[in-house]
1. Which members of segment 27-69 meet the condition of being among the small types (Gly, Ala, Ser), outside any strand (DSSP E or B) and in contact (Cβ under 8 Å) with a residue 12 or more places away in the chain?
2. (1) modelled with pLDDT under 85; (2) touching a Ser or Thr at 6+ places or on another chain (Cβ under 8 Å): which one isn't true of residue 52, the others all being true?
3. For segment 3-44: of the residues being in contact with an Asp or Glu (Cβ under 6 Å, 6 or more places away or on another chain) and under 20 Å from residue 89 (Cβ atoms), which is most open to solvent (accessible area, probe 1.4 Å)?
4. Kindly check whether there is at least one residue in segment 64-79 that is surrounded by fewer than 20 Cβ atoms within 10 Å (Cβ to Cβ), at pLDDT below 95 and out of contact with any strand residue (DSSP E or B) (no Cβ under 8 Å at 6 or more places or on another chain).
5. Please enumerate the residues belonging to segment 84-116 that are touching a helix residue (DSSP H, G or I) at 6+ places or on another chain (Cβ under 9 Å) and free of Cβ contacts under 8 Å to residues at least 40 places away in the same chain.
6. Conditions first: (1) outside any loop (DSSP other than H, G, I, E, B); (2) open to solvent by 60 Å² or more (accessible area, probe 1.4 Å). Residue 88 passes all but one, so which condition is the exception?
7. Are any of the residues in segment 42-50 within 18 Å of the chain's Cα centre (by Cα) and more than 21 Å from residue 74 (Cβ to Cβ)?
8. Filter segment 101-154 for residues that are open to solvent by 70 Å² or more (accessible area, probe 1.4 Å), over 19 Å from residue 75 (Cβ atoms) and assigned to a helix (DSSP H, G or I) and give the result.
Amino acid sequence: GAPGLFEESWNGAGKEQPLFSKPEGVIWPWDWSRDGHWLLISVVDPKTKEDLWLLPMQGEHKPEPFLVTDYTETAGAFSPDGRFIAYVSDESGKFEVYVRTFPAASGGKWAISSGGGYQPRWRPDGKELFYFAAEGKLMSVDVTPGAAFKAGAPKFLFQAPIFGGGASTENRYWDVNPDGKRFLINVAGGGSAPVTVVLNWQAGLKK
(Lines give C-alpha, C1' and ligand atoms only; values in the text may rest on other atoms or scores of the structure.)
Protein backbone atom coordinates (compact mmCIF):
# COMPACT_ATOMS: atom_id res chain seq x y z
CA GLY A 1 0.00 0.00 0.00
CA ALA A 2 0.92 3.64 0.40
CA PRO A 3 4.12 4.50 2.33
CA GLY A 4 3.32 4.94 5.98
CA LEU A 5 4.60 5.03 9.55
CA PHE A 6 3.53 2.43 12.09
CA GLU A 7 3.99 1.96 15.81
CA GLU A 8 4.56 -1.40 17.47
CA SER A 9 5.51 -2.51 20.95
CA TRP A 10 9.23 -3.24 21.34
CA ASN A 11 8.48 -6.79 22.58
CA GLY A 12 6.23 -7.61 19.64
CA ALA A 13 3.06 -7.82 21.74
CA GLY A 14 -0.12 -6.66 20.05
CA LYS A 15 -0.59 -5.41 16.53
CA GLU A 16 1.16 -2.60 14.73
CA GLN A 17 -0.74 0.68 14.79
CA PRO A 18 -0.78 3.04 11.78
CA LEU A 19 0.38 6.57 12.57
CA PHE A 20 0.61 8.45 9.29
CA SER A 21 0.53 7.72 5.57
CA LYS A 22 1.09 9.87 2.50
CA PRO A 23 0.05 8.20 -0.78
CA GLU A 24 1.67 10.84 -3.01
CA GLY A 25 5.06 10.96 -1.25
CA VAL A 26 7.65 9.22 0.84
CA ILE A 27 8.02 9.55 4.61
CA TRP A 28 10.39 8.14 7.19
CA PRO A 29 11.24 8.83 10.85
CA TRP A 30 14.44 10.45 12.10
CA ASP A 31 14.19 10.97 15.84
CA TRP A 32 11.91 10.73 18.86
CA SER A 33 11.89 13.52 21.45
CA ARG A 34 13.01 12.44 24.91
CA ASP A 35 9.66 13.34 26.44
CA GLY A 36 7.98 10.97 23.97
CA HIS A 37 5.67 13.66 22.61
CA TRP A 38 7.09 14.14 19.11
CA LEU A 39 8.40 12.08 16.23
CA LEU A 40 10.56 14.05 13.80
CA ILE A 41 9.96 12.83 10.25
CA SER A 42 10.91 13.61 6.66
CA VAL A 43 8.20 14.20 4.09
CA VAL A 44 9.13 14.20 0.41
CA ASP A 45 7.06 16.60 -1.66
CA PRO A 46 7.50 17.26 -5.41
CA LYS A 47 6.99 20.99 -4.81
CA THR A 48 9.37 21.51 -1.88
CA LYS A 49 11.76 18.55 -2.24
CA GLU A 50 12.11 17.19 1.32
CA ASP A 51 10.86 18.79 4.52
CA LEU A 52 10.89 18.18 8.27
CA TRP A 53 7.55 17.58 9.97
CA LEU A 54 6.49 16.82 13.54
CA LEU A 55 4.19 13.91 14.29
CA PRO A 56 2.51 14.04 17.72
CA MET A 57 2.57 10.66 19.45
CA GLN A 58 -0.62 11.35 21.39
CA GLY A 59 -4.13 12.06 20.21
CA GLU A 60 -4.96 11.94 16.51
CA HIS A 61 -1.34 11.80 15.26
CA LYS A 62 -1.95 14.73 12.95
CA PRO A 63 1.43 15.87 11.54
CA GLU A 64 2.42 19.51 11.46
CA PRO A 65 5.24 21.20 9.51
CA PHE A 66 8.43 22.15 11.32
CA LEU A 67 10.62 23.33 8.43
CA VAL A 68 9.25 23.58 4.89
CA THR A 69 11.27 25.55 2.30
CA ASP A 70 12.30 25.32 -1.34
CA TYR A 71 15.41 23.39 -0.23
CA THR A 72 15.98 19.92 1.17
CA GLU A 73 15.81 19.57 4.96
CA THR A 74 16.52 16.13 6.32
CA ALA A 75 18.33 14.01 8.96
CA GLY A 76 16.84 15.84 11.93
CA ALA A 77 17.81 15.15 15.55
CA PHE A 78 16.37 16.57 18.78
CA SER A 79 18.80 18.04 21.30
CA PRO A 80 18.74 16.19 24.64
CA ASP A 81 17.07 19.16 26.39
CA GLY A 82 14.39 19.30 23.68
CA ARG A 83 15.01 22.96 22.80
CA PHE A 84 16.83 22.59 19.48
CA ILE A 85 16.88 20.43 16.35
CA ALA A 86 20.00 19.69 14.31
CA TYR A 87 19.40 18.89 10.67
CA VAL A 88 20.95 18.89 7.20
CA SER A 89 20.04 21.31 4.40
CA ASP A 90 21.32 22.10 0.90
CA GLU A 91 20.30 25.77 1.04
CA SER A 92 23.92 26.88 0.50
CA GLY A 93 24.28 24.74 -2.61
CA LYS A 94 25.75 21.78 -0.71
CA PHE A 95 24.62 19.78 2.29
CA GLU A 96 25.58 21.32 5.63
CA VAL A 97 24.51 20.86 9.24
CA TYR A 98 22.35 23.53 10.88
CA VAL A 99 20.57 23.98 14.20
CA ARG A 100 17.19 25.62 14.75
CA THR A 101 15.10 26.31 17.80
CA PHE A 102 12.27 23.96 18.79
CA PRO A 103 9.29 23.92 18.86
CA ALA A 104 9.29 27.02 16.61
CA ALA A 105 11.93 26.89 13.88
CA SER A 106 11.72 30.67 13.49
CA GLY A 107 13.29 31.33 16.90
CA GLY A 108 16.87 31.06 15.69
CA LYS A 109 19.16 29.37 13.18
CA TRP A 110 22.88 28.52 13.32
CA ALA A 111 25.23 27.06 10.71
CA ILE A 112 27.32 24.27 12.25
CA SER A 113 29.42 22.68 9.52
CA SER A 114 31.53 24.16 6.73
CA GLY A 115 32.75 22.14 3.80
CA GLY A 116 29.90 19.64 3.98
CA GLY A 117 28.07 17.92 6.82
CA TYR A 118 25.80 14.89 7.23
CA GLN A 119 24.05 12.69 9.81
CA PRO A 120 24.23 14.94 12.92
CA ARG A 121 23.97 13.39 16.38
CA TRP A 122 24.01 15.00 19.82
CA ARG A 123 26.11 13.82 22.72
CA PRO A 124 23.62 12.59 25.33
CA ASP A 125 24.43 15.44 27.73
CA GLY A 126 23.93 18.02 24.96
CA LYS A 127 27.43 19.48 25.27
CA GLU A 128 28.66 18.27 21.91
CA LEU A 129 27.27 17.85 18.41
CA PHE A 130 28.80 15.28 16.07
CA TYR A 131 28.46 14.93 12.32
CA PHE A 132 30.21 13.28 9.41
CA ALA A 133 31.98 15.24 6.71
CA ALA A 134 32.89 13.68 3.38
CA GLU A 135 35.32 10.75 3.18
CA GLY A 136 34.31 9.36 6.55
CA LYS A 137 35.60 12.23 8.70
CA LEU A 138 33.82 12.38 12.06
CA MET A 139 33.61 15.96 13.29
CA SER A 140 32.81 17.46 16.69
CA VAL A 141 31.39 20.82 17.73
CA ASP A 142 31.34 21.96 21.36
CA VAL A 143 27.97 23.25 22.53
CA THR A 144 27.51 25.50 25.55
CA PRO A 145 24.32 24.59 27.44
CA GLY A 146 22.01 27.42 28.31
CA ALA A 147 19.01 29.43 27.19
CA ALA A 148 20.89 30.69 24.10
CA PHE A 149 22.53 28.28 21.69
CA LYS A 150 26.29 28.65 21.43
CA ALA A 151 28.52 26.42 19.30
CA GLY A 152 32.26 26.32 18.77
CA ALA A 153 34.26 25.63 15.63
CA PRO A 154 34.16 22.13 14.08
CA LYS A 155 37.01 19.83 15.10
CA PHE A 156 38.18 16.66 13.36
CA LEU A 157 37.98 13.60 15.65
CA PHE A 158 38.95 10.63 13.49
CA GLN A 159 38.31 8.97 10.17
CA ALA A 160 36.03 5.93 10.04
CA PRO A 161 35.18 3.52 7.20
CA ILE A 162 31.48 4.36 7.52
CA PHE A 163 29.16 2.98 4.86
CA GLY A 164 28.82 5.43 1.98
CA GLY A 165 31.68 7.57 3.25
CA GLY A 166 29.36 9.38 5.65
CA ALA A 167 27.80 11.55 2.93
CA SER A 168 24.26 10.21 3.29
CA THR A 169 21.09 12.29 3.53
CA GLU A 170 18.65 9.38 3.47
CA ASN A 171 20.03 7.08 6.18
CA ARG A 172 21.87 7.31 9.47
CA TYR A 173 24.69 4.80 9.61
CA TRP A 174 25.97 5.51 13.11
CA ASP A 175 25.04 6.52 16.65
CA VAL A 176 26.54 7.69 19.94
CA ASN A 177 26.75 5.50 23.01
CA PRO A 178 24.68 6.76 25.99
CA ASP A 179 27.91 7.58 27.86
CA GLY A 180 29.03 9.79 24.96
CA LYS A 181 32.43 8.08 24.82
CA ARG A 182 31.92 5.46 22.13
CA PHE A 183 30.35 5.25 18.69
CA LEU A 184 28.49 2.48 16.89
CA ILE A 185 29.27 2.77 13.16
CA ASN A 186 27.99 0.74 10.25
CA VAL A 187 31.23 0.30 8.33
CA ALA A 188 31.66 -0.42 4.64
CA GLY A 189 32.45 -3.96 3.58
CA GLY A 190 35.53 -5.21 1.81
CA GLY A 191 37.98 -5.40 4.70
CA SER A 192 41.59 -6.54 4.40
CA ALA A 193 41.31 -9.74 6.46
CA PRO A 194 43.60 -12.47 5.02
CA VAL A 195 42.16 -15.49 3.23
CA THR A 196 43.70 -18.90 3.91
CA VAL A 197 43.49 -21.55 1.20
CA VAL A 198 44.23 -25.16 2.19
CA LEU A 199 45.26 -27.44 -0.68
CA ASN A 200 44.81 -31.22 -0.60
CA TRP A 201 42.90 -30.92 2.69
CA GLN A 202 41.56 -34.46 2.41
CA ALA A 203 45.07 -35.88 2.93
CA GLY A 204 45.08 -34.35 6.39
CA LEU A 205 42.03 -36.38 7.40
CA LYS A 206 43.97 -39.63 7.02
CA LYS A 207 46.58 -38.74 9.62
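The values are calculated or read from the model by the stated rules, or taken from the named source; none is laboratory data. What you see is a predicted model; the values in this text were computed from it and never measured. Please note: Cβ atoms are built from the backbone with ideal geometry, for glycine as well, and neighbour counts cover all protein chains shown. Ligands, DNA and RNA are excluded from the accessible area calculation, which covers all protein heavy atoms including side chains. Shrake-Rupley method; radii C 1.70, N 1.55, O 1.52, S 1.80 Å.
1. Correct list: 33, 36.
2. Condition not satisfied by residue 52: (1).
3. Within segment 3-44, the subset in contact with an Asp or Glu (Cβ under 6 Å, 6 or more places away or on another chain) is 6, 8, 16-17, 19, 25, 40, 42-44.
With the extra rule that they be under 20 Å from residue 89 (Cβ atoms), the set shrinks to 25, 40, 42-44.
On the way: 25: 10, 40: 0, 42: 0, 43: 4, 44: 45 Å².
Restricting to residues being in contact with an Asp or Glu (Cβ under 6 Å, 6 or more places away or on another chain) and under 20 Å from residue 89 (Cβ atoms), the top hit is 44.
4. The answer is no; no qualifying residue exists.
5. 100, 115
6. Residue 88 satisfies all of (1) outside any loop (DSSP other than H, G, I, E, B); (2) open to solvent by 60 Å² or more (accessible area, probe 1.4 Å) except (2).
7. no
8. Within segment 101-154, 106 is the sole residue that qualifies.
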